[in-house]
Amino acid sequence: MIIIFSVDFLIDMLVVGLFFIWQFIVLAVFTVSEASRGNASNQIQDFESVFIIENYPNEFLPNWYANEIRGTSSRIYQANGLGRNGSKALAVQPISTFDGEVIIRLSPQEFTDPKVHFWAKSLKNGTGDRAAQVYYSWGKELKGNYSGREILGGANEFRNENQEFRLFELLLPDEFAEDAEVYLRLEIRYGAGSGSCAKWLMDDFEFGEFVVDTIAPKVTRIRGYDEREIEVQFDEAVDPVFSGFLINYKLDGQEPVSVKLKADSLVYLTFQEKLELGKHYNLQITQIPDLEGNFLLDTLISFQFFDPTFIPPKTLVINEIMPAPKADLDLPNVEYVEVFHAGEYPVRLSGIALANSRSSVNLQDEWVLPGDFLLLAPENQAVLLKGFGKVIPIKSWPTLLNAADQLSLKNDQGNLIDKVSYSTSSWRGSEFANGGFSLEVANPFYACEQSDLIKPSVDPLRGTPGRHNSIFDLSPDVSLIVLNSVEFTSPKSLLLIFSKPILAVFDKTNFVFEPSLEIDSITLLGSKQIELLFSEEVAANTSYSLQINGLIDCSGNEYTQDEPLKLVLPVQAKIGDVLINELLFNPKIGSSKFVELINVTDNFLEVKHWKLAHLDNSGVIDQVKQLSLNSLILAPRGLLAITTNPDMLKLDFPKSAFGEFASMATLPSYPIAGGTVVLLDSAGAIADSFTYSEDLHHPLLRDPKGVSLERLSTASPASLSANWHSASAIEEYATPGRKNSQVISGEFEGNLIQIDPAIFDPEGSNGNTFTTIRYELDQSGWMGSFRLYSTSGMLVQVLAQNELLGTSGLFTWTGTDSQGNIVRPGYYVLLIELYDLSGQIKTIRKTVVIATKL
């Protein structure tokens, strides 16, 4: 026969079944407990105080005695983390040669109807099946007789298994009710069976008066426990059976996949799917009674979910460090690390590791609330800091190095939460470094690494463990972010260096290139550098624009950009590409010298690794100085003035205010009396050199101070003295970063000789103060003389006399005679005589006109 039940019928039967289950549980519970709420004046022992290693008849805690107290996990000892809610407990381990005995002194006269309440359970020990059997009895004297001996619960109440804590109640016999002192003896004996015996634990002992509980349990807190689990806190112990039914809980209509009751009043609900961070959920709870049978009415509670195991960077901050404590000061002689919770929701320390440069240790699981201070300290010295705040003892303490170290906090995935590095310089002086001062953070809410910002404590105690730091300062930082440099470090990578640390909350969309460049990845190097890697190589000598959007610094300031950056991948300069083009070696008083370089190619050239130097008195290259640590690009045919103070040069020479400048901390020595400027390529080879002196200036120049020497032609060598001339007065006597005032430009015109200009005024009233005579010959080996005559045939000046000429070259005439005197205005004849070894002779005459002011 097959009997078919309806769904409604099954539901009705389930309700009836639950009712009978509850009736059974109520009866069972009331055999040990009729009440659970204690009076504030009751005699309480929670076993959190350190046990004194003293045996009977001495106390190991006030009013508590035992036959063999130990500091290890044997006999009778303090069990850390094994009590209710992860607290400490009293533990007893019976063995074949030892039965535990604990005696408690009670004062019944203070109460009308006193009772004993305590929580107890067993823990599995080894593979044996022996229960720990607990007997209790009463006496009027510590060393007197004890009567009324009874077994607690039964012979198998504390089997060798992992149990949950249960509440036990003992009634004080009438014969002891009027006594001033009564002694309760507990015997924890090695039970019958085989193998090892269970371990017995007691917690939250209380003696006194108790009020009958008629109030239903309430939910006092709901919070996340991990990504799929929530923790429900009741205000009292709840029934272990009913609280474990899945159907009693619904989260937005979804039942949990598992329910666990811990510490009597904490329920953990696990769900199939991950819960959404920051989302508001509704939890419905039904039919949950306390241990006295008071049922919680159907309750709907709204809460916001946060995963306490998800700890973003800078949620927990290394806020203070004491690497080098000192004896005989106000603070204990203990190393410590203070951690501050700067986040927005509670977190758990489960899986978090504290590390220094040499070792790492996992922290014990602990809830930390926003705004909490935690003191991490060596386990054997942690008690010395208890008066300063919440202390977490660390068993394998990573000893801090005094001189320099790096501390970090990482989650269970190895991801960084915070780190701080320090060195001797962090103390700003040996007095603080050796004086027992801690290192403090000023603003724990600063979103980036604080290694460069930590300072020694200025508190009178020389440290501030467990409270706000002495240098605590939340003043806002409103300074702007500056892009210090941008450089293609390879054809596929671009490096951006900013003036301030940048918060790592950016992605590819923050960087827009025109023409488009596909970004493969972005990396924050250190705190101020961002590296962009491209999918394909960037084309050299191609101009790009970069628009940066949405970057913020660690104080929340946004990077602003007036116009897109202009970028180009340069070519590495080689010898012959860059030449010395101008030199100011005798600047105005208070101003700066400069060396100007010129790019003679059509490429963008990278010259940051090139160097300036000089020749010492022995002719050896000396004082070699690199042009720049950052990218330094010379535009095609571009100019660049290298100086120690670009702003001062722009004031001295306003026409050059928009020229191209680069700053160096110091230039090589270029004495006013004369010397040699040496330009070296990236490998240290000589790319160009120029030996200068005041003799190269125009002979009519009254004062050379503040007047530069300009190169006339990049086609002629810098060693040719005629290739240099004083800068024009019309152009402020110098042209740093822009085209020279005295320059020979354009292609050579004519067969052999070219004069430019043919008319000039040595005093500068009509433009040029000199003329250049350029020549180009069809072959090498020619000898030549260049002489200037007046129209009457008088020799005025000899520019060259029987000199061996190159295939090309130049001479200059400043309009002065051989004595250095300015010649009269008028026509002059340049006579050029050329001859070679084969006997060829060429004579050429050209006219030059000296003009004057009208």
Answer yes or no: is there a residue in region 405-427 that is touching a strand residue (DSSP E or B) at 6+ places or on another chain (Cβ under 7 Å), surrounded by fewer than 19 Cβ atoms within 10 Å (Cβ to Cβ) and part of a loop (DSSP other than H, G, I, E, B).
no
Here is a list of conditions, (1) surrounded by 14 or more Cβ atoms within 10 Å (Cβ to Cβ); (2) among the hydroxyl-bearing types (Ser, Thr, Tyr); (3) at pLDDT below 95, and Thr214 meets all of them except one; can you say which number that is?
(1)
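For every residue, the table says whether it meets (1) more than 23 Å from Pro762 (Cβ to Cβ); (2) in the same structural domain as Trp813 (by TED's automatic domain parsing); (3) not hydrophobic (A, V, I, L, M, F, W, C).
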| position | (1), (2), (3) |
| --- | --- |
| Pro636 | yes, no, yes |
| Ser656 | yes, no, yes |
| Ala662 | yes, no, no |
| Gly674 | yes, no, yes |
| Ser689 | yes, no, yes |
| Ser693 | no, no, yes |
| Leu701 | no, no, no |
| Ser713 | no, no, yes |
Can we say Ala715 is assigned to a loop (DSSP other than H, G, I, E, B) and in contact with an Asp or Glu (Cβ under 8 Å, 6 or more places away or on another chain)?
no
Given the criteria among the hydroxyl-bearing types (Ser, Thr, Tyr), at pLDDT below 95, part of a loop (DSSP other than H, G, I, E, B) and within 24 Å of Ser425 (Cα to Cα), does Ser350 qualify?
no
Could you list, in sequence order, all residues of region 534-560 that are surrounded by 14 or more Cβ atoms within 10 Å (Cβ to Cβ) and farther than 30 Å from Ser689 by Cβ?
Phe534, Val538, Tyr544, Leu546, Ile548, Leu551, Ile552, Asp553, Cys554, Ser555, Asn557, Tyr559
For region 548-559, give me each residue that is in a strand (DSSP E or B) and aliphatic (A, V, I, L, M).
Ile548, Ile552
Lone qualifier among Gly191, Gly195, Gly139, Gly128 - being in the same structural domain as Thr97 (by TED's automatic domain parsing), at positive phi and not hydrophobic (A, V, I, L, M, F, W, C):
Gly195
Just checking: which of the strands (runs of 3 or more DSSP E) contained wholly in region 187-244 hold 3 or more residues that are under 50 Å from the mean Cα position of the chain (by Cα) and either of a type in the set (Gly, Ala, Ser) or farther than 30 Å from Ala155 by Cβ (or both)?
219-226, 229-234
All but one of (1) part of a strand (DSSP E or B); (2) of a type in the set (D, E, K, R); (3) more than 22 Å from Gln626 (Cα to Cα) hold for Glu596, so report the exception by its number.
(3)
Residue list for region 298-320, restricted to those being touching a Ser or Thr at 6+ places or on another chain (Cβ under 6 Å) and either assigned by TED's automatic domain parsing to the domain that holds Val383 or buried (at least 20 other Cβ atoms within 10 Å of the Cβ) (or both)
Glu320
Within region 749-798, take every residue that is among the charged types (D, E, K, R) and part of a loop (DSSP other than H, G, I, E, B) and give me the one that is modelled with the highest pLDDT.
Asp761
Identify, please: which residue in region 116-153 is in a strand (DSSP E or B) and of a type in the set (D, E, K, R) and is, among those, nearest to the chain's Cα centre (by Cα)?
Lys121
Scanning region 88-108 for residues that are more than 23 Å from Glu209 (Cα to Cα) and hydroxyl-bearing (Ser, Thr, Tyr), the one surrounded by the most Cβ atoms within 10 Å (Cβ to Cβ) turns out to be Ser96
When Arg774 is run through (1) surrounded by 15 or more Cβ atoms within 10 Å (Cβ to Cβ); (2) more than 28 Å from Ile730 (Cβ to Cβ); (3) not hydrophobic (A, V, I, L, M, F, W, C), the failure sits at (2)
Pairs under 9 Å by beta carbon, first residue under 10 Å from Gln287 (Cα atoms) in region 236-251, partner part of a helix (DSSP H, G or I) and among the polar types (S, T, N, Q), six or more apart or different chains?
Phe242/Asn248
Please work out which residue is nearest to the chain's Cα centre (by Cα), limiting yourself to region 84-111 and to residues that are part of a loop (DSSP other than H, G, I, E, B) and not hydroxyl-bearing (Ser, Thr, Tyr).
Lys88
With the structure loaded, tell me whether Leu649 is touching a strand residue (DSSP E or B) at 6+ places or on another chain (Cβ under 8 Å), surrounded by 21 or more Cβ atoms within 10 Å (Cβ to Cβ) and assigned to a helix (DSSP H, G or I) or whether it fails that test.
yes
Can you find a residue in region 511-519 that is within 23 Å of Pro312 (Cα to Cα) and not assigned by TED's automatic domain parsing to the domain that holds Pro323?
no
Among the numbered criteria (1) of a type outside the set (Gly, Ala, Ser); (2) outside any strand (DSSP E or B); (3) touching a residue at least 12 places away in the same chain (Cβ under 8 Å), which single criterion is violated by Asp562?
(3)
Those residues that are surrounded by fewer than 16 Cβ atoms within 10 Å (Cβ to Cβ) and closer than 24 Å to Leu634 by Cα, I need them from region 517-532; list them, please.
Glu531
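The values are calculated or read from the model by the stated rules, or taken from the named source; none is laboratory data. This one's a predicted model, so the numbers in the text were calculated from it and none came from an experiment. Please note: Cβ atoms are built from the backbone with ideal geometry, for glycine as well, and neighbour counts cover all protein chains shown.
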